[in-house]
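Notes follow once the structure below has been shown.
The values are calculated or read from the model by the stated rules, or taken from the named source; none is laboratory data. Please read these numbers as outputs of a predicted model, since none were measured by experiment. Cβ sites come from the backbone with ideal geometry, for glycine too, and all protein chains shown count toward neighbours.
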Amino acid sequence: MDELKSILTKLAPALGGAVGGPLGMAVVSILAEVFGTKASPDAVTEAIKSNDPEVVKASLARAEAAYKAEIERQMTVRTQISSHVEMMRLDYDRGIFYSGWRPLAGWIAVLYAALSCLLVIKQGFYGTYGFLAQAPSVLMVGAPIMALAGIYAWGKSRERVAMSGASEQPSIVDIVRGMLQPKPA
């Protein structure tokens, strides 16, 4: 590993510094993939020594780009996780009336839908369909609960996207509007 580190320090300083650290084997794996060899420090060192210097230079440039892309991806994931944890902490710090009513509404909506379905199925087995005559009343009670749960999920998703720093996803209305607009000829 020391020989590989000294070679990389001269040819690709970013990779050379990483080989000695906690990401050392990840760098070796990237180099092994680029050089088409086994993922071991000795095999990578031998591949670097035995190849043409121009090929080595181009391969190390590709490896460095892959390493930087992986670091960026890892940083993005860590940022998103940190944002999510912070958002959860903020929700719970605001108290039960802020963080408790929306999940409760979701569970009530799920329970209401499940009980309604079970009642319809039960009446189907007995051959009585009196429940179906009450469908408008059931919907009048259930629809606001379901709407509240949907609004909660939609709003929470938008909050999470905003806090994670990711680009905002288009809404369903924007998608449908884009599909309905005439295309320029």
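Observations on the structure shown:
- Total residues in the range 43-67 satisfying the condition of being loosely packed, with under 14 Cβ neighbours inside 10 Å and either over 33 Å from the mean Cα position of the chain (by Cα) or outside the structural domain of G24 (by TED's automatic domain parsing) (or both): the figure is 7.
- Complete set of residues in the range 103-123 that are surrounded by 13 or more Cβ atoms within 10 Å (Cβ to Cβ) and more than 28 Å from the chain's Cα centre (by Cα): Y112, A113, S116, L119, V120, Q123
- Of the helices (runs of 4 or more DSSP H) lying entirely inside the range 1-49, those containing at least 2 residues that are farther than 18 Å from Q74 by Cβ and in contact with a Ser or Thr (Cβ under 8 Å, 6 or more places away or on another chain) span 2-11, 24-35.
- Selected residue (criterion: farthest from P103 (Cα to Cα)) from residues of the range 116-149 that are assigned to a helix (DSSP H, G or I) and of a type in the set (F, W, Y): Y126
- Hits in the range 21-42 (condition: more than 30 Å from the chain's Cα centre (by Cα), closer than 20 Å to K68 by Cα and surrounded by 14 or more Cβ atoms within 10 Å (Cβ to Cβ)): F35, P41
- Every pair of residues 6+ apart whose Cβ atoms lie under 6 Å, when the first sits in the range 79-96 and is closer than 10 Å to R160 by Cα while the second is not hydroxyl-bearing (S, T, Y): S83/M163; M87/M163
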